[in-house]
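Every number in this text was worked out from the coordinates using simple rules, so none of it is lab data. Since the structure is predicted, the reported quantities are computational estimates derived from the model, not experimental observations. Heads up, the Cβs are rebuilt from the backbone with ideal geometry, glycines too, and the neighbour counts pull from every protein chain shown.
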Amino acid sequence: MRVTQSMLSNNMLRNLSSSYNKMGKLQEQLSSGKKVNRPSDDPVVVMKSLGYGMTVDKVAQFQKNLGEVNNWLDSSDDALDGVGQVLHRAKELATNAANSGAMTKEDRDKIKIELEEMQKQLQDLANTKVGDKYIFSGNMTDKPLYNKETDEYEVGDSFKKDVEIEVFDGVSLRVNTKAADTFKAIDDIFKDINAKVNDEFEDNVDFGQAISNIDKLMDRVLTSRADIGARSNRAELMDNRLQVQEGAAKKQRSENEDIDYEKVITEMITSESIHRASLSVGARIIQPSLVDFLR
């Protein structure tokens, strides 16, 4: 087969074009730091990157959910700590009233005023919110546990149901604390103590039962706080697990799509050298034109 000048020129131009494309791709990789910049570069790498990216995004969402879990648990523990302080003070009042002998009208009034303030504090604690959600209202998070209009605590079944937040694939943590009955019982004790110090009762009434009930409720509150602590520990373990999974997914994604800069730079230098050599050889292949002969 006769090799013509046209064939040599076309082959040279095709090789130069291929060399330009390769250097352009290497330059794009160096600029972006990625092996592929469009699906057509390598569909397999792109699909794997999408999968790893979805895993990273899912972990990020679970970590946000864990933040919400911690908000609920911390707020619940703080509120129950306040309830414990209220009960402690109520026990002091009941004990003082029981040991004070005949109480004067002023003594009764002081105890009644403090009890009223503690009841208001208890009502505020019962209606503790995280964001716009009431944390002691079961799954009725849009309704307060203490209803100011009726001056009653809600104790229906819906106010005792669990509220769960997903923190891992197929794993959810209960974030609410069932305290409706506890708040109602404390309120009843306050009313009982208030009635005992009322003028219509004799001075030396028995406060023993009220004090005993307060002790039982304090134990109940401590048990609830211990339960919150256990769930907080589990949330911390889940956070550690998510961090490990996030690190693994990010590492896999990086290995799949990030370039090895040293390798790509070396390839770029080699390609440039080959391209320069091709240009030099091409200049020799192309024969002088008729215009060059006429000069």
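Computed quantities for the displayed model
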{"item": "Unsatisfied cross-links (Cα-Cα over 31 Å) in the set Lys64/Lys216; Lys105/Lys143; Lys120/Lys178; Lys105/Lys184", "result": "Lys64/Lys216; Lys105/Lys143"}
{"item": "Average Cα contact separation per residue, region 51-253, under 8 Å, 6 or more apart, as relative contact order %", "result": "32 percent"}
{"item": "Net lengthening on full extension, Glu149/Ile269 (0.36 nm per residue, minus Cα-Cα)", "result": "35.2 nm"}
{"item": "Loop-resident sites, region 98-175, for trypsin sites (Lys or Arg not before Pro), counting at most 10 other Cβ within 10 Å (DSSP)", "result": "Lys148"}
{"item": "Residue-by-residue Karplus 3J(HN,Hα) for region 119-135, coefficients 6.51, -1.76, 1.60, Hz, glycine and proline x", "result": "5, 5, 4, 5, 5, 5, 5, 5, 9, 4, 10, 10, x, 10, 10, 7, 8"}
{"item": "Amide H contacts of Val167 (H built 1.01 Å from N, under 5 Å, at least 5 apart or other chain)", "result": "Ser172, Leu173"}
{"item": "Under Karplus coefficients 6.51, -1.76 and 1.60, residue-wise ³J(HN,Hα) of region 246-253 in Hz, glycine/proline x", "result": "4, x, 5, 5, 5, 5, 5, 5"}
{"item": "Net length gained if the chain between Asn37 and Asp258 were fully extended (0.36 nm per residue, minus Cα distance)", "result": "78.5 nm"}
{"item": "Proximal lysines to Lys34, defined as alpha-carbon separation beneath 18 angstrom and excluding residues fewer than eight positions away on the same chain", "result": "Lys22, Lys25, Lys48, Lys250, Lys251, Lys263"}
